Every structure is written in structure tokens, then in C-alpha cells.
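Working notes, beginning with the structure itself.
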């Protein structure tokens, strides 16, 4: 307190300034925010699975094989690509830059496809994707419709989804190349390029004394990649819950 020349108090007539303190978030607000975030992650998982099943020739392709055959020192060039979706193979091609025909669709279940092994692998993959989707719906249910918030149950569901997503992509990567190799026989891209079946690769061989050059490349498609990204979505969801990942390390030890 400071006195003026008359002995009075300088601050006597000045209103006290209140101290502004930010109030901490209420527990209920934290829970609502966490549940809303988890709903978005659950919706993302459902959308990703739907795209991998219904994305068609582009986004629904799990595997792609591209090839090029040139002969006569480039006077004739034939290119083509096959995109393998969950239930259909989409084929397209060009001769000297001109499209051969519209994209051809062949269902694995067609009697003239001779795609028994491919259909078998894709069928199991589809079931795993449905299981992923069911987990996403379960996450939405726990976050939106279940009374209260069971963080332990939600964390267990997210960990199970990580496991299912990893099983899906690993199973497909290990099984599908062998399946199309068995179905295509001597005409499989691996046999033509004198390579063993693999999930990713490219090769080039020449025949007729170098007059004919065959090039090919086989890669995972967008559908496989986005299912793999499901694991990242689940990890981010766990992080939004402040999950203690050291529990996993401890359980492994």
C-alpha cells in the first residue's frame, strides 16, 4: 500500500483486479472428447474396409501385375495390366499405344476363369476384412452407445484389431502370389520371367537373340496398403487414450 502526499492511500479508490485462472477440464468433458475421437477412428476403419472390398479396379485392387512385350526393336509394343480386386480381376492392354478393348472383368467364380486358388485366398481375405470391419463397428458401439466408458475393453478391442489387420496383410502377401502362379500355370508372370512367386518384384528377359524383350512388374495394390494402414489408425486411437504401451513390452517379457 502506498500513501500519497496527504497521507491517503493511492489504491483506496481503485477496484481490485481479479486474478484469472483457467479452470481444469472436467472429467466428464475428457471422457466425451475421448469417446468422440474413438468414434471417428471406428468410422475410419469401417470406411477403409469398405473401400478395400468395393473399390473396384483402382482402390479395390489388392495386387497388380503390369507387363510389356516389345519386338522388332520396338516396332511392336504390347502392354497390359491386371488388377486383382477381392472378387474380380480387371484386365486392360494396348498395342502400340492404342487400347485393345475396354477393361475386361472376370470373376474368380466363373467356370472358365480357372481361378480356384485365387478365389480361395481372396475368400479368406474377405472374411478377415469383414472381421476388421466388425471391430470398427464395435469401437463405434463402445464409444457412442455403451453407457460409461470402459477404457480397458476399448484398448483390448483396438489391440485385437491391430492383430487382425496384420494377419490380413501378412496372409495375403504370403498366399496370393503362389495362388495366381498355380492358377496361371506356365503362363504365370513368374514363370514367364523365370522368377519365383513373390509379393513384389520386377524383371526383364529377352528372347529370339534379343529381338523380343519381356518386362513385368508385380506390386501390392491400394486395397492392401490401406488395410495395412488400419494398424496405424488403431495405434493412434490407443495414443488418444494415453494407453501405456509398456504393458505390451512387459507382457512379452
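Quick one: order 154, 36 by neighbouring beta-carbon count within 10 Å, fewest to most.
With the fewest neighbours first, 154, 36 line up as 36, 154.
Within region 201-240, list the residues whose amide N lies under 19 Å from a label point set 7 Å along Cα→Cβ of residue 192.
201-221
Fewest Cβ neighbours within 10 Å first, please rank 106, 69 accordingly.
By the 10 Å Cβ count, ascending, the order reads 106, 69.
Extending each Cα 7 Å along its Cβ direction at residue 235 and residue 32, get the distance between those two points in nm, one decimal.
For residue 235 paired with residue 32, the spin-label model returns 3.2 nm.
Test of understanding: ordering 234, 115 by Cβ neighbours within 10 Å, fewest first, what list do you get?
115, 234
Starting from 0.36 nm per residue, how many nanometres of slack lie between residue 91 and residue 205 once their C-alpha separation is accounted for?
Once the chain is fully extended between residue 91 and residue 205, it gains 38.8 nm.
None of the figures in this text is laboratory data; all of them are computed from the coordinates on show. Owing to the predicted nature of the structure, the values given are computational and were not obtained by experimental measurement. Note: ideal-geometry Cβ built from the backbone for every residue, glycine included; neighbour counts use all protein chains shown.
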